[in-house]
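Undergrad: Next up is a structure, given as structure tokens.
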There are 2 protein chains.
Amino acid sequence: MRSIKLMTSGLALCVASTAWANDDLTSKMDDPAQWVIQTGDYANQRYSELDQINKDNVKDLQVAWTFSTGVLRGHEGSPLVIGDIMYVHTPFPNIVYALDLNDDGKIIWKYEPKQDPDVIPVMCCDTVNRGVAYADGKIFLHQADTKVVALDAMTGEVAWEVVNGDPAKGETNTATVLPVKDKVIVGISGGEFGVRGSVTAYNIADGSLAWRAYSMGPDEDILVDPENTTHLGTPVGADSGTNTWEGDQWMIGGGTTWGWYSADLEENLMYYGTGNPSTWNPAQRPGDNRWSMTIMARDIDTGEAKWFYQMTPHDEWDYDGINEMILTDQEIDGQPRKLLTHFDRNGLGYTLDRVTGELLVADKYDPAVNWTTGVDMDPNSENYGRPAVVAEYSTEQNGEDVNSTGICPAALGSKDQQPAAYSPKTEMFYVPTNHVCMDYEPFRVSYTAGQPYVGATLAMYPAPDSHGGMGNFIAWDNIAGEIKWSIPEQFSVWSGALATAGDIVFYGTLEGYLKAVDSETGDELYKFKTPSGIIGNVMTYQHEDKQYIGILSGIGGWAGIGLAAGLTNPNDGLGAVGGYAALSDYTALGGQLTVFSLPN
Amino acid sequence: MRSIKLMTSGLALCVASTAWANDDLTSKMDDPAQWVIQTGDYANQRYSELDQINKDNVKDLQVAWTFSTGVLRGHEGSPLVIGDIMYVHTPFPNIVYALDLNDDGKIIWKYEPKQDPDVIPVMCCDTVNRGVAYADGKIFLHQADTKVVALDAMTGEVAWEVVNGDPAKGETNTATVLPVKDKVIVGISGGEFGVRGSVTAYNIADGSLAWRAYSMGPDEDILVDPENTTHLGTPVGADSGTNTWEGDQWMIGGGTTWGWYSADLEENLMYYGTGNPSTWNPAQRPGDNRWSMTIMARDIDTGEAKWFYQMTPHDEWDYDGINEMILTDQEIDGQPRKLLTHFDRNGLGYTLDRVTGELLVADKYDPAVNWTTGVDMDPNSENYGRPAVVAEYSTEQNGEDVNSTGICPAALGSKDQQPAAYSPKTEMFYVPTNHVCMDYEPFRVSYTAGQPYVGATLAMYPAPDSHGGMGNFIAWDNIAGEIKWSIPEQFSVWSGALATAGDIVFYGTLEGYLKAVDSETGDELYKFKTPSGIIGNVMTYQHEDKQYIGILSGIGGWAGIGLAAGLTNPNDGLGAVGGYAALSDYTALGGQLTVFSLPN
Ligand SMILES: O=C(O)c1cc(C(=O)O)c2c(n1)C(=O)C(=O)c1cc(C(=O)O)[nH]c1-2
Ligand SMILES: O=C(O)c1cc(C(=O)O)c2c(n1)C(=O)C(=O)c1cc(C(=O)O)[nH]c1-2
């Protein structure tokens, strides 16, 4: 009952303040000169109307200015620009800088939280942070240790702070937050530590708790209405968050929420995906393990679930479902549809009706994917919406202590957290992908709070019989379910893409290149070697009539964990160290912002 | 007698190998496409014949590529370019990278020494390193812990290594080495730990010791010939390195050798300066404290001293004499002269005849200098060559535990290690300077090996009644002893300058700007904000017919010690923290190479 009470008080506050928070934020979001939340907009399209830099002149791009963050290791996310100020964040210790765009990036203020470094070993995949967000004159930082801090955007002074989780139990944070209406939505990490995932809404005004929705557990914890919350059109029924688990395993069930959040204000819905069930040893958790690996649509004000779609029931490969949900309004068969497109770790590109949760398309966006033959699309089938698992690549069927080899994609998926972009001009999605396969040997593991709860040994390598590289940058048609073009890359593309009205798409590479390609053809138009490998996301803004492109460099993340954490044993870093060992021939640790523009 | 024996064996080897070592190195040094030792050439002119980038087109300069070193804190020195390979070094832990200029800076090899981090607290002024040097197919690295390593330039494999000192006694290294003929000359740091300074020559072939010359001590230690080694034209006589010290104080007498080295192959002489006498409390070491604070000319093969000139007898302000000696061939009164020009920490610009050690010019190169009224230039005076000390600013006369205030320059001098450049086209010296004054309170301190042996409390601040900033970049006429022009800077210019045949001079600023100015007028022609504050030295090279400019960013060094070491108490960092506190409004820690070129 606790969560229901909180929900109600949240609602009360909400009525008082919805209007102002929203108008200020959405109007800034609509202004292409600014970049106010990490995803660019609520639709997570990562598309900019700016077209001063375009496919004809992008070859002349120059570095305009640069800024070292003073921190090494993986730099995910991107800077924000609100008015004349740029906000730059760092990995742990999660410093935030406010830089004056009118004064060559002079530091207006710097906020450096004091965090216990004990949180570092509890972070599965580097000390990354996917960035701050703006709303209501405040900058929201969600620290590694799960403290959520609201900073006055002008002075850097703390307006409020609240603690969302407990690192001693393996609860940490790497995600950005989503400010929407009068709330700020935050997730949690720790799927590799048996954390039970949840999404929490705090009131922007004072940081008080509005609602919390767990990924698994009793109905009142997961905020479902058994009769009205649907899965592929059917009500989920009572106890859906516990009845596909054995015993109390759901209590340490994973399904963390460390990815991206999108929202449709018209529908009053927010969207996100949940991560892998814990442990990685599937034999220890019989059942579908709902609602891990699930796309969720929830009411923004109350958190109540409207619909779910579980992509990978009973995960056997660590294919977290947390990748971004990109919202588009497109026509299908002449009918305007409100769509949600999602490139899952499991290698399938999904298109759904975001209002109803109806599954429209589920197709492989990397031909290397081999663990499934595809999703059953027949609404009348009892397997409707389920992927058919290929026995050879089933780590459950092969059993504990057996090494299943040649599984594609690897655990880090055909795509991981690196967000794709969408251009309404081309109606294509630009997807940074991994082209990596793995060997996976599950083993029995016991749970101790705050200790790794992984239960599998992995090795990773480039997809065999292909171009030899570990990544592709692709253009995807979400209605046909087809790759339009594909650019082979030596390493996974671990950077977020940006599409612009200048008919170009930008992305970064793990070697450190910023690249610009033609959005129609994929032809390379520009590249520049930034100081360190790129796992940040490309953003753009305009200042004094000039368009700029900004990107953070700083090798790390799961793909770069070998360099970031100084690991050399190939199986370390959950199997990534060996696969990406050659990265050290190209780049070293860094932490820099590079800003580009056209010559004067 | 030990050192004499070693000298002889050194000489034997030398005869066998002089020719080849020298020819390879000097021919590369003469090739403006390459940058083979830190100082550019043996004359330490930091001048390049390259003129593709010139005063008309430098405004179009662009960032060509960048590289993060993976290390934070102060980045002094510069990369080298030998053939198609660039060599980049870092501060502690002193990583060396070989980057392939034909393949976008791909890492050919990386050498990362294992060093005990206990050396860090024994380094007085940040964990800097002034760079590697090339000779004989090897890259020479002198690590913080005083290990000298010869690396195969192609593979990075260790050819030999030798240990020069003992960090447990406060002996460390920050300096580059000078490969000359068949030897590699190395210095030592630790003046703030009572180290007795020395210069050591190792044989390039195998790292065996050739000779070692201490700065003070018995004649056989300091390698003087009492009859033939001169000071201002007069033989130094017997025991010159002990008879101006009380008791055994010379044994912990300082005079370290952490600066730059130059050489005149024709004269077979090498030149350098010695540092402050220990302690900083002058009352504890009566006498002139020879040969601290001294310019030294030594025979390259034997180390034997030809002449000395002590600039600051009985130092009372920490005005180390280690700044570079710039060798030029110029006319004075129609006569060609072999000159040595030196901008000392004490604020005087000296011009000497480098063959004889005759003092020609000694004038203030910052009008703020107030501790002396000038040097007695009368050869017949008993004070010939001595600076006249102004009583008010004499920390000795004011006494122990008395705060002498308003002394200009501050301990870090009108110039510190940041090397000046000389253009033979303009016959002007381009000098990065400090414009900082101090309060200095000496106190009694006792010596414990490996513990700080400082004995003074300092505060630093911008020169009063001036432009408010802490630095100037000046052009100097070394024959007239006159400032030609002076560019005020907000902070000390802690970066080394570069002059080119394109009639431009480059330097970096502590805020992080690379600047290019007109070598005749000082007019600013270009500036660019690099990722972090610059204390590195600008270098240039040519690759495939294109001229490039390279600079390391990474705030630190003595001026940036507050940021580098995270200190905030104004008196910390030997007084520098308070003076440079405002730096944190402009820059954060970094470690990046930025390479510039003209657009294609
Ligand atoms: O289950 C989790 O809680 C969790 C957290 C994180 C994270 O917070 O970074 C990652 C993952 N899982 C994960 O599976 C994964 O592939 C991953 C990649 C990265 C990254 O930033 O590169 N983080 C994470
Ligand atoms: O006396 C010494 O041994 C010694 C060593 C060093 C050094 O090795 O960096 C500096 C100094 N002194 C010194 O006086 C000084 O001003 C200084 C500045 C710097 C620098 O790199 O910024 N090092 C040193």
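Undergrad: Please enumerate the residues belonging to segment A:191-212 that are out of contact with any Cys (no Cβ under 8 Å at 6 or more places or on another chain) and within 16 Å of ligand 1 (Cβ to nearest atom). Walk me through how you get there before you give the answer.
TA: Restricting attention to segment A:191-212, the residues satisfying the condition of being out of contact with any Cys (no Cβ under 8 Å at 6 or more places or on another chain) are A:194-202, A:204-209, A:211-212.
Correct list: A:G194, A:V195, A:R196, A:G197, A:S198, A:V199, A:T200.
Undergrad: Also: Go through segment B:96-110 and give me each residue that's open to solvent by less than 30 Å² (accessible area, probe 1.4 Å) and not small (G, A, S).
TA: Our first condition is that a residue be open to solvent by less than 30 Å² (accessible area, probe 1.4 Å); within segment B:96-110, this holds for B:96-99, B:101, B:105, B:107, B:109.
Hits for segment B:96-110 are B:V96, B:Y97, B:L99, B:L101, B:I107, B:W109.
Undergrad: Something else now. Pick from segment B:67-85 the residues that are open to solvent by 10 Å² or more (accessible area, probe 1.4 Å) and within 9 Å of chain A (Cβ to nearest Cβ): which of them is farthest from B:A588 (Cα to Cα)?
TA: Filtering segment B:67-85 for residues open to solvent by 10 Å² or more (accessible area, probe 1.4 Å) gives B:70-73, B:82-85.
Keeping just the survivors that are within 9 Å of chain A (Cβ to nearest Cβ) gives B:70-72.
Values: B:G70: 15, B:V71: 13, B:L72: 10 Å.
Per the stated criteria, the residue is B:G70.
Undergrad: Conditions: (1) part of a loop (DSSP other than H, G, I, E, B); (2) in contact (Cβ under 8 Å) with a residue 60 or more places away in the chain. B:M270 meets all but one. Number of the miss?
TA: (1)
Undergrad: Specify which of the listed residues (B:P419, B:P462, B:P432, B:P452) is open to solvent by 60 Å² or more (accessible area, probe 1.4 Å) and either touching a residue at least 40 places away in the same chain (Cβ under 8 Å) or farther than 23 Å from B:T176 by Cβ (or both).
TA: Numbers: B:P419 fails: open to solvent by 60 Å² or more (accessible area, probe 1.4 Å); B:P462 fails: open to solvent by 60 Å² or more (accessible area, probe 1.4 Å); B:P432 fails: open to solvent by 60 Å² or more (accessible area, probe 1.4 Å).
Just one listed residue meets the conditions, B:P452.
Undergrad: Got a sec? Which of A:S414, A:S404 is touching a residue at least 40 places away in the same chain (Cβ under 8 Å) and under 26 Å from A:P286 (Cα atoms)? Quick ask: steps written out before the conclusion?
TA: On the way: A:S404 fails: touching a residue at least 40 places away in the same chain (Cβ under 8 Å).
The unique qualifying residue is A:S414.
Undergrad: Quick one: in segment A:312-324, which of the residues that are in contact with a Phe, Trp or Tyr (Cβ under 7 Å, 6 or more places away or on another chain) and more than 19 Å from A:L178 (Cβ to Cβ) is surrounded by the fewest Cβ atoms within 10 Å (Cβ to Cβ)?
TA: Of the residues in segment A:312-324, the ones in contact with a Phe, Trp or Tyr (Cβ under 7 Å, 6 or more places away or on another chain) are A:312, A:317-318, A:322-324.
The next check asks that each one be more than 19 Å from A:L178 (Cβ to Cβ); those that pass are A:312, A:317-318.
Details: A:T312: 27, A:W317: 30, A:D318: 29.
Of everything passing the filter in segment A:312-324, A:T312 is surrounded by the fewest Cβ atoms within 10 Å (Cβ to Cβ).
Undergrad: If only one of B:Q62, B:Q38, B:Q52, B:Q45 is under 23 Å from the mean Cα position of the chain (by Cα) and either without any contact (Cβ under 8 Å) to a residue 60 or more places away in the chain or open to solvent by 10 Å² or more (accessible area, probe 1.4 Å) (or both), which one is it? Don't jump to the end; show me each part of the working.
TA: Values: B:Q62 fails: under 23 Å from the mean Cα position of the chain (by Cα); B:Q38 fails: either without any contact (Cβ under 8 Å) to a residue 60 or more places away in the chain or open to solvent by 10 Å² or more (accessible area, probe 1.4 Å) (or both); B:Q52 fails: under 23 Å from the mean Cα position of the chain (by Cα).
Only one candidate passes the filter, namely B:Q45.
Undergrad: Test B:A201 against the criterion of being in contact (Cβ under 8 Å) with a residue 60 or more places away in the chain and open to solvent by 10 Å² or more (accessible area, probe 1.4 Å), and give yes or no. Spell out how you get there, then give the answer.
TA: Numbers: in contact (Cβ under 8 Å) with a residue 60 or more places away in the chain: yes; open to solvent by 10 Å² or more (accessible area, probe 1.4 Å): no.
Judged against the criteria, B:A201 is not a match.
Undergrad: Okay, next question. Would you call B:T174 surrounded by fewer than 24 Cβ atoms within 10 Å (Cβ to Cβ), under 28 Å from B:W35 (Cβ atoms) and within 12 Å of ligand 2 (Cβ to nearest atom)? Break it down stepwise before answering.
TA: Numbers: surrounded by fewer than 24 Cβ atoms within 10 Å (Cβ to Cβ): no; under 28 Å from B:W35 (Cβ atoms): yes; within 12 Å of ligand 2 (Cβ to nearest atom): yes.
Spelling it out, it is not the case that B:T174 is surrounded by fewer than 24 Cβ atoms within 10 Å (Cβ to Cβ), under 28 Å from B:W35 (Cβ atoms) and within 12 Å of ligand 2 (Cβ to nearest atom).
Undergrad: Another one. Which condition number does A:R298 fail, the rest of (1) under 30 Å from A:G131 (Cβ atoms); (2) surrounded by fewer than 24 Cβ atoms within 10 Å (Cβ to Cβ) being met?
TA: (2)
Undergrad: Among the residues of segment A:246-269, write down those that are open to solvent by less than 20 Å² (accessible area, probe 1.4 Å) and either at pLDDT below 95 or not acidic (D, E) (or both).
TA: Initial filter on segment A:246-269 (open to solvent by less than 20 Å² (accessible area, probe 1.4 Å)): A:253-257, A:259-264, A:269.
Correct list: A:G253, A:G254, A:G255, A:T256, A:T257, A:G259, A:W260, A:Y261, A:S262, A:A263, A:L269.
Undergrad: Can you find even one residue in segment A:521-528 that is within 15 Å of ligand 1 (Cβ to nearest atom) and either assigned to a loop (DSSP other than H, G, I, E, B) or crowded, with 19+ Cβ neighbours inside 10 Å (or both)? Before the answer, list the steps.
TA: As a first pass, look at segment A:521-528 and keep what is within 15 Å of ligand 1 (Cβ to nearest atom): none.
Within segment A:521-528 (the criterion being within 15 Å of ligand 1 (Cβ to nearest atom) and either assigned to a loop (DSSP other than H, G, I, E, B) or crowded, with 19+ Cβ neighbours inside 10 Å (or both)), the answer is no, since none of the residues qualifies.
Undergrad: Just checking, how many residues over segment B:535-553 are within 14 Å of another protein chain (Cβ to nearest Cβ) and away from ligand 2 (no atom under 12 Å from the Cβ)?
TA: Counting residues in segment B:535-553 that are within 14 Å of another protein chain (Cβ to nearest Cβ) and away from ligand 2 (no atom under 12 Å from the Cβ) gives 6.
Undergrad: Kindly indicate whether A:A588 is within 30 Å of B:A588 (Cα to Cα), facing chain B (nearest Cβ under 10 Å) and buried (at least 24 other Cβ atoms within 10 Å of the Cβ). Explain how you work it out, then say what you get.
TA: On the way: within 30 Å of B:A588 (Cα to Cα): yes; facing chain B (nearest Cβ under 10 Å): yes; buried (at least 24 other Cβ atoms within 10 Å of the Cβ): yes.
For A:A588, the condition - within 30 Å of B:A588 (Cα to Cα), facing chain B (nearest Cβ under 10 Å) and buried (at least 24 other Cβ atoms within 10 Å of the Cβ) - is met.
Undergrad: Within segment B:122-132, identify whether any single residue is more than 16 Å from ligand 2 (Cβ to nearest atom) and open to solvent by 10 Å² or more (accessible area, probe 1.4 Å), and answer yes or no.
TA: No, segment B:122-132 has no match at all.
Undergrad: When you scan segment B:86-145 for strands (runs of 3 or more DSSP E) that lie fully inside it, which ones turn up with 1 or more residues that are more than 20 Å from B:A33 (Cα to Cα), more than 22 Å from the chain's Cα centre (by Cα) and within 14 Å of chain A (Cβ to nearest Cβ)?
TA: On the way: elements: B:96-100, B:106-111, B:133-135, B:138-142.
Filter on segment B:86-145 gives B:106-111.
Undergrad: Any chance you could count how many residues in segment A:575-585 are more than 8 Å from chain B (Cβ to nearest Cβ), of a type outside the set (G, A, S) and open to solvent by 40 Å² or more (accessible area, probe 1.4 Å)?
TA: Total meeting the criteria: 0.
Undergrad: Would you point out the residue of segment B:554-574, among those that are among the aliphatic types (A, V, I, L, M) and under 21 Å from the mean Cα position of the chain (by Cα), that is nearest to the other protein chains (Cβ to nearest Cβ)?
TA: Looking only at segment B:554-574, we keep the residues that are among the aliphatic types (A, V, I, L, M), and these are B:555, B:559, B:561, B:563-565, B:567, B:574.
When the remaining residues are screened for being under 21 Å from the mean Cα position of the chain (by Cα), the result is B:555, B:559, B:561, B:564, B:574.
Values: B:I555: 8, B:A559: 17, B:I561: 15, B:A564: 10, B:L574: 23 Å.
Here the answer is B:I555.
Undergrad: I want to confirm something. Restricting to segment B:490-505 and keeping residues that are of a type in the set (A, V, I, L, M, F, W, C) and more than 18 Å from the chain's Cα centre (by Cα), which single residue is surrounded by the fewest Cβ atoms within 10 Å (Cβ to Cβ)? It would help to see each step written out before you state the result.
TA: Kept after step one, since they are of a type in the set (A, V, I, L, M, F, W, C), are these residues of segment B:490-505: B:491, B:493-494, B:497-499, B:501, B:504-505.
Checking which are more than 18 Å from the chain's Cα centre (by Cα) leaves us with B:491, B:501, B:504-505.
Values: B:F491: 24, B:A501: 18, B:I504: 26, B:V505: 29.
It comes out as B:A501.
Undergrad: Okay, next question. Mind counting the residues in segment A:509-520 that are in a strand (DSSP E or B) and open to solvent by less than 10 Å² (accessible area, probe 1.4 Å)?
TA: Step one: list which residues in segment A:509-520 are in a strand (DSSP E or B), which gives A:513-518.
Filter once more, so that each one left must be open to solvent by less than 10 Å² (accessible area, probe 1.4 Å): A:514, A:516-517.
Going through segment A:509-520 one residue at a time, the tally reaches 3.
Undergrad: Checking A:N600 against (1) open to solvent by 40 Å² or more (accessible area, probe 1.4 Å); (2) within 11 Å of chain B (Cβ to nearest Cβ); (3) under 22 Å from the mean Cα position of the chain (by Cα), only one condition comes out false. Which one?
TA: Tallying (1) open to solvent by 40 Å² or more (accessible area, probe 1.4 Å); (2) within 11 Å of chain B (Cβ to nearest Cβ); (3) under 22 Å from the mean Cα position of the chain (by Cα), A:N600 fails exactly one: (3).
Undergrad: From B:T372, B:T356, which residue is β-branched (V, I, T) and surrounded by 16 or more Cβ atoms within 10 Å (Cβ to Cβ)? Before you say what the answer is, go through the steps one by one.
TA: On the way: B:T356 fails: surrounded by 16 or more Cβ atoms within 10 Å (Cβ to Cβ).
Within the list B:T372, B:T356, the selection yields B:T372.
Undergrad: For A:P409, indicate whether it is within 16 Å of ligand 1 (Cβ to nearest atom) and buried (at least 18 other Cβ atoms within 10 Å of the Cβ).
TA: On the way: within 16 Å of ligand 1 (Cβ to nearest atom): yes; buried (at least 18 other Cβ atoms within 10 Å of the Cβ): yes.
For A:P409, the condition - within 16 Å of ligand 1 (Cβ to nearest atom) and buried (at least 18 other Cβ atoms within 10 Å of the Cβ) - is met.
Undergrad: Sort out which residues of segment A:385-395 are touching a strand residue (DSSP E or B) at 6+ places or on another chain (Cβ under 8 Å) and surrounded by fewer than 24 Cβ atoms within 10 Å (Cβ to Cβ), and write them in order of number.
TA: Pass one, segment A:385-395, residues touching a strand residue (DSSP E or B) at 6+ places or on another chain (Cβ under 8 Å): A:385-390, A:392-395.
Within segment A:385-395, A:G385, A:R386, A:P387, A:A388, A:V389, A:V390, A:E392, A:Y393, A:S394 meet the criteria.
Residue by residue, here is whether (1) open to solvent by 10 Å² or more (accessible area, probe 1.4 Å); (2) modelled with pLDDT under 95; (3) not in a loop (DSSP other than H, G, I, E, B) holds:
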{"site": "A:Y541", "(1), (2), (3)": "no, no, yes"}
{"site": "A:G556", "(1), (2), (3)": "no, no, no"}
{"site": "A:A559", "(1), (2), (3)": "no, no, no"}
{"site": "A:N571", "(1), (2), (3)": "yes, yes, no"}
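Undergrad: Sticking with this one: Which residue pairs have Cβ atoms closer than 6 Å, lie 6 or more positions apart in sequence or on different chains, and pair a first residue in segment B:176-197 that is within 23 Å of B:Y319 (Cα to Cα) with a second residue that is within 16 Å of ligand 1 (Cβ to nearest atom) and open to solvent by 10 Å² or more (accessible area, probe 1.4 Å)?
TA: So the pair list comes out empty.
The values are calculated or read from the model by the stated rules, or taken from the named source; none is laboratory data. Small disclaimer: the values here were computed from a predicted structure and weren't measured. Reconstructed Cβ throughout: ideal geometry from the backbone, glycine too, with neighbour counts over all protein chains shown. What goes into the accessible areas is simple: the full protein's heavy atoms, side chains included, and nothing from ligands, DNA or RNA. Shrake-Rupley method; radii C 1.70, N 1.55, O 1.52, S 1.80 Å.
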